[in-house]
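First up is the structure itself, then whatever we jot down about it.
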Amino acid sequence: MRLPKLSIATFIALLTVVADTSISFYSLTSLPVPKVLAQTNSEKKAEADRLLQQGIQQFQTSKFREALQSWQQALVIYREIGDRKGEGTALGNLGAAYIALG
């Protein structure tokens, strides 16, 4: 008999605590929603691959500084997603750009 009374008392105490808090369900649902959604790894890889190709085109037209920037951006993304092959390619291309710049 004691257990049901304790359960009812606990339930009433819990309701009292919840009712006294300033957080409501409305305030939880009215939080600002981030406008930028996180990219998936495949989207990030596609962006890194695009930057890598852009750097190649820039390098081939003797825009070495621009190529350097593209490959640096690609390198950051490849490291972020853990793409070791892409990271190695970007590093090799960066070396070529530095050689071309003297």
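Where a number appears in this text, it was derived from the coordinates with a stated rule and is not lab data. Predicted model, so just to flag it, every value in this text is computed and none were measured. Positions of Cβ are backbone-derived with ideal geometry, glycine not excepted, and every protein chain shown enters the neighbour counts.
Summing +1 for each Lys or Arg and -1 for each Asp or Glu among the other residues whose beta-carbon sits under 9 angstrom from that of Gln58 gives +1.
In nm, what is the difference between 0.36 nm times the number of residues separating Arg50 and Ile99 and their Cα-Cα distance? Each step should come with its number before you reach the end.
Numbers: separation 49, 0.36 × 49 = 17.64 nm, distance 2.26 nm.
Gain in length upon complete extension: 15.4 nm.
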